[in-house]
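Everything below concerns the one structure shown next.
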Amino acid sequence: MAGNAFTSETQLWVVDSTGTLNTGGVTVVKVIYLPAVQGDDLVLTDNADNNAIILRAKAGSIDMVETDFGERGRTLPSLKVGTIDGGIAYIYFRMLPIS
């Protein structure tokens with residue numbers, strides 16, 4: 001895969017590179033990270049580069065790493081892939097207005 005792709009029907013981002021995903025407020029429901037090598041990091045930030053969600057491959061393993069925020073999700077003012085050392089991440093979210 002080359003670059004980040006969004007599917008509106010499933011509210012899913014598939015990402016393998018850094019970049020802005022959303023600027024108008026988002027609720028992240030789940031993040032699944034498939035690292036390429038041991039110790040790979042995935043850091044999701046807001047557009048002001050404040051760390052929001054961090055996933056790291058385990059030492060000695062390249063097993064899938066995931067975090068599930070449940071039905072309510074985690075609401076952020078914006079979303080950006082700040083760091084992805086390698087591999088692919090699946091970011092499930094729904095759009096919500098920020099009030």
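Does residue 86 fit the bill of being at pLDDT below 95 and exposed (fewer than 14 other Cβ atoms within 10 Å of the Cβ)?
It is false that residue 86 is at pLDDT below 95 and exposed (fewer than 14 other Cβ atoms within 10 Å of the Cβ).
Please count how many residues of region 13-28 are part of a strand (DSSP E or B) and more than 10 Å from the chain's Cα centre (by Cα).
Filtering region 13-28 for residues part of a strand (DSSP E or B) gives 13-15, 19-22, 26-28.
Checking the rest, the ones that are also more than 10 Å from the chain's Cα centre (by Cα) come to 19-20, 22, 26-27.
So the count comes out to 5.
Taking the condition touching a residue at least 24 places away in the same chain (Cβ under 8 Å) and surrounded by 18 or more Cβ atoms within 10 Å (Cβ to Cβ), does residue 26 pass? Even if it seems obvious, please write down each step before you answer.
On the way: touching a residue at least 24 places away in the same chain (Cβ under 8 Å): yes; surrounded by 18 or more Cβ atoms within 10 Å (Cβ to Cβ): yes.
In short, yes.
Go through region 1-12 and report how many residues are over 16 Å from residue 75 (Cβ atoms) and surrounded by 14 or more Cβ atoms within 10 Å (Cβ to Cβ).
Going through region 1-12 one residue at a time, the tally reaches 3.
Checking the structure you have, find out if any residue of region 65-81 is over 18 Å from residue 27 (Cβ atoms) and either without any contact (Cβ under 8 Å) to a residue 40 or more places away in the chain or over 14 Å from the mean Cα position of the chain (by Cα) (or both).
Scanning region 65-81, I find at least one residue that is over 18 Å from residue 27 (Cβ atoms) and either without any contact (Cβ under 8 Å) to a residue 40 or more places away in the chain or over 14 Å from the mean Cα position of the chain (by Cα) (or both), so the answer is yes.
The values are calculated or read from the model by the stated rules, or taken from the named source; none is laboratory data. Just so we're clear, the structure is a prediction, and the values are computed from it rather than from any experiment. Because the Cβ atoms are built from the backbone with ideal geometry, glycine has one as well, and the counts that use them run over all protein chains shown.
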